[in-house]
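I have placed the structure first, in the form of structure tokens, so that the comments after it can refer back to it.
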Amino acid sequence: MGRDLRYMKRKAVGHFWLAFSVLSALCAVGFLFWILGYVLSKGVHAINMDFFTKLPTPVGIPGGGMANAVVGSIIVVGMASLVSVPAGIAAAIYLSEYGRGMFASFVRFVSDVLAGVPAIVAGIVAYALVVVPLHGFSAISGSVALALLMLPIIIRSAEEIFKTVPDSLREASLALGVPRWVTVLRVVVKTASGGLVTGVLLAIARVGGEAAPLLFTSSSNVFWSFKPTQPMGTLPVQLFTYAISPYEEWHEMAWAAAFVLVSMVLLLNISARLYLARKGFKR
Amino acid sequence: MMPQDIKRKGRLDPESVFKGITASFAALVLLVAGGVVYELIVFSLPAFKSFGLKFLVSKEWDPVQQLFGALPFIWGTFYTSFIALILALPISLGIAVFLSELAPPWLRTPVSFLIELLAAIPSLIYGLWGLFVLAPVLQHYIEPPLSKFDFLPFFKGYPLGLGIMAAGIILAIMIIPTISSISRDVMYTVPQAQREGGLALGMTRWEVVSRVVVPYSRSGILGAVILGLGRALGETMAVTMVIGNTPQMSLSLFQPGYTIAAAIANEFAEAIGKLHISALVELGLVLFVISIVVNIAAKFLMWKINRGGALKGVGI
């Protein structure tokens, strides 16, 4: 009898903890829906065509939008990608196809360490490298900060993708007499191209929402600006400025901006992971 | 011409050029890392010369008097991160156990995906939600009942909603995906034979989890926790929007505080004078060093347990 009771107690305790674990999963997913749901529902009311076509208006004057910030984000992230993507992929090619020794291991280690640099520190470095010599905030310094963040991400994901290209493809190409470097470009990179694009999109999604490194590099600008050496408004910075302001109309705009930002990030992430899942990358 | 003939022409063959180009980009990574360290050190020098190591233990942060001490920020950074870890660890482990031991295969992928989506949300959005949703909830529903316990130092003061508690909770939500996904992957690698052995000995399902799977995954989980800590230490936007931005050191969860990242974000753009900027850069250097140490510790741990190839594909 006592033995049965002990067993029932063990079972009951077990059921309790297993229920806790199901509850934790529900809790986390619940937070996701709470946060996303709130941002999307608040933002969808505030968003309109003006958001994408008009410039910000001074406080008190209704209307206006964040057109310049949207374009600014595209420009700053675009410039950052222009530099970090080719460099990152080239480095990943070296690490994956040629890197067997101490140099490659060291580069991999340093790249992983760079991946852990907080975004705000990347901003400080870009400030030191670009803002100080140019004596002013500029779009280009923002791009430098973002490129610093993107580079390790791209190297890591590109190397992972290259690893999935089967060796048999490489060997077949070499067996046919194709030189190694042509094999790498025409066979390995070509096969990996879908995964590479996905990796780049994920890096862009990660970096496009960053405000911290831009606060004192590309700073902010409420007018149209296309000069890389001038401050440029970006969506995250504008969002932040509006959100912490005391004005209700600016809070509304902040929600609209959040809607755009979250939609972009969600879209990029979901399509990237759908693509990777279809190609058989089990997680 | 065959490729072998081209090689004999000297070092300028296409093969070596290609390898050289890609190798230079790999070396670029080292240059970038060096540049980061160099700039951080060079720009912190003025502050270091003025305050020396007292910078790390001084409580005064007064831009007007040009007195700078990092202690309130270092305290705030670690305090909020530890609160986040305490809150996130049970939930993350619960999620990892659920995904690895309990969930039917068809449920694993969607739920894992949803939890990873939590990691994709920008810090700024968390801050926005924290400022307009979480803080009022804390101020009106959670903190008032807790202030009945104000004989404890953690609950002293007037409930404001914003403050250390809000920051800790938001950080916890942000690091749950990190800790849970790595822990889950580590638990996946526990050999089925171990679980079956436990069951054969008469353990209940939960006992197999708590006495076989989790202990087996101990080091991996520790690595995951350290990585989560690293992430929490560097978070900027979400924290700066809910923590109240006051350079003070208090044990109370209701009080506002400050972290290194939040201070840099708030003060850098309008810093008064070279010393102020240098002090902020030195703060950044401190944060950089802390992050590097934490990340390397996590890597080392994962390397140690991966020596048998047990963690293939965990993605650290």
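For the stretch B:103-214, give the percent of accessible area contributed by carbon and sulfur heavy atoms, probe 1.4 Å, rounded to a whole number.
The nonpolar share, carbon plus sulfur, comes to 69 percent.
Return the whole-Å distance between the Cα centroid of the stretch A:78-93 and the Cα centroid of the stretch A:4-72.
Measuring centre to centre over Cα atoms gives 32 Å.
Show me the ranking of peptides B:268-280, B:42-54 by mean Cβ neighbours inside 10 Å, starting with the highest.
So the peptides B:268-280, B:42-54, ranked by packing, come out B:268-280, B:42-54.
In deg cm²/dmol and to the nearest 500, what is the mean residue ellipticity at 222 nm of chain A if only DSSP H runs of at least 4 residues count, each as -39500 (n - 2.57), divided by the residue total?
Value at 222 nm, helices only: -23500 deg cm²/dmol.
Would you tell me the accessible area of A:H15, worked out with a 1.4 angstrom probe on the heavy atoms of the protein chains, in Å² to the nearest 10?
About 110 Å², rounded to the nearest 10.
Quick one: what do you get for chain B if you divide its Cα Rg by 2.2 N^0.38 Å?
1.24
Classify the stretch B:71-121 from the C-alpha gyration tensor, please: rounded if a/c falls under 1.5, else prolate or oblate depending on whether a/b exceeds b/c.
Oblate, because a/c is 1.5 or more while a/b does not exceed b/c.
For A:K11, give me every one of the aspartates and glutamates with a C-alpha distance below 18 angstrom, ignoring sequence neighbours fewer than eight places off in its own chain.
B:E101, B:E196, B:E207
How many Lys pairs in chain B lie less than 24 angstrom apart by Cα atoms, where the lysines are 8 or more positions apart or on different chains?
Lysine pair count for chain B: 10.
State, to one decimal in nm, how far the label point of A:D4 lies from the label point of B:M249, with both points 7 Å from Cα in the Cβ direction.
6.1 nm
What's the average, rounded to a whole number, of partner chain beta-carbon atoms within 10 Å of each residue's beta-carbon in A:8-21?
5
Using a/c under 1.5 as the rounded threshold, could you call the stretch A:188-275 rounded, prolate or oblate? The axes a ≥ b ≥ c are square roots of the C-alpha gyration tensor eigenvalues, and prolate needs a/b larger than b/c, oblate otherwise.
It is oblate, given that a/c is not under 1.5 and a/b is not larger than b/c.
Around A:N48, what is the net charge, scoring Lys/Arg as +1 and Asp/Glu as -1 over all other residues with Cβ under 12 Å from its Cβ?
Counting the neighbours of A:N48, the net charge comes to -1.
Excluding residues on the same chain fewer than 8 positions from A:K54, give the aspartates and glutamates whose Cα lies under 20 Å from its Cα.
A:E248, A:E249, A:E252
Let's test the formula: R0 of 35 Å, r as the Cβ-Cβ distance of A:L55 and B:S147. What FRET efficiency results, to the nearest 0.05?
After rounding, the FRET efficiency stands at 0.15.
Return the average number of partner chain Cβ atoms within 10 angstrom of each residue Cβ along peptide A:152-163.
1
Specify the inter-centroid distance of the stretch A:220-254 and the stretch B:212-258, based on alpha-carbon positions, in whole Å.
For the stretch A:220-254 versus the stretch B:212-258, the Cα centre distance is 29 Å.
Largest first, how would B:L285, A:L235 line up by accessible area (1.4 Å probe)?
B:L285, A:L235
Could you tell me the ratio Rg/Rh of the stretch B:1-142? Both radii from Cα atoms, Rh via Kirkwood.
Across the stretch B:1-142, the Cα-based Rg/Rh ratio is 1.20.
Take the Cα pairs of the stretch A:23-123, get the Kirkwood Rh, then feed it into Stokes-Einstein at 4 °C and 1.567 mPa s and tell me D in µm²/s.
70 µm²/s
Could you pull the Rg and Dmax for the protein assembly as shown, using just the Cα atoms, both in Å?
Answer for the protein assembly as shown, Rg first and Dmax second: 25.5, 90 Å.
Provide the gained length on full extension for the span B:L56 to B:Y158, in nm with one decimal, where the gain is 0.36 nm per separating residue minus the Cα-Cα distance.
Stretched out fully, the B:L56 to B:Y158 stretch lengthens by 33.8 nm.
Once you sort the root eigenvalues of the Cα gyration tensor of chain A as a ≥ b ≥ c, which label holds: rounded (a/c under 1.5), prolate (a/b larger than b/c) or oblate (the other case)?
oblate
Chain pair B, A: how much accessible area is buried, both chains summed, with a 1.4 Å probe, in Å² to 100?
In total, chains B and A hide about 7000 Å² from solvent.
Accessible area per residue for the protein assembly as shown in Å², computed with a 1.4 Å probe and the full protein assembly in place, what is it?
Result: 45 Å² of accessible area for each residue.
In chain A, carbon and sulfur make up what percent of the accessible area (probe 1.4 Å)?
C and S fraction of accessible area: 69 percent.
In nm, to one decimal, how far is the B:F113 label point from the A:D112 one, both placed 7 Å along Cα→Cβ?
Label at B:F113, label at A:D112, 2.9 nm between them.
Evaluate the distance, in nm, between pseudo-label points positioned 7 Å from the Cα of A:K190 and of B:I292 along their respective Cα→Cβ axes.
4.3 nm
The values are calculated or read from the model by the stated rules, or taken from the named source; none is laboratory data. Just so it is clear, the model here is predicted, and its values are computed rather than measured. So basically every Cβ, Gly included, is an ideal-geometry build from the backbone, and we count neighbours across all protein chains shown. Accessible surface areas use protein heavy atoms only, side chains included; no ligands, DNA or RNA. Shrake-Rupley method; radii C 1.70, N 1.55, O 1.52, S 1.80 Å.
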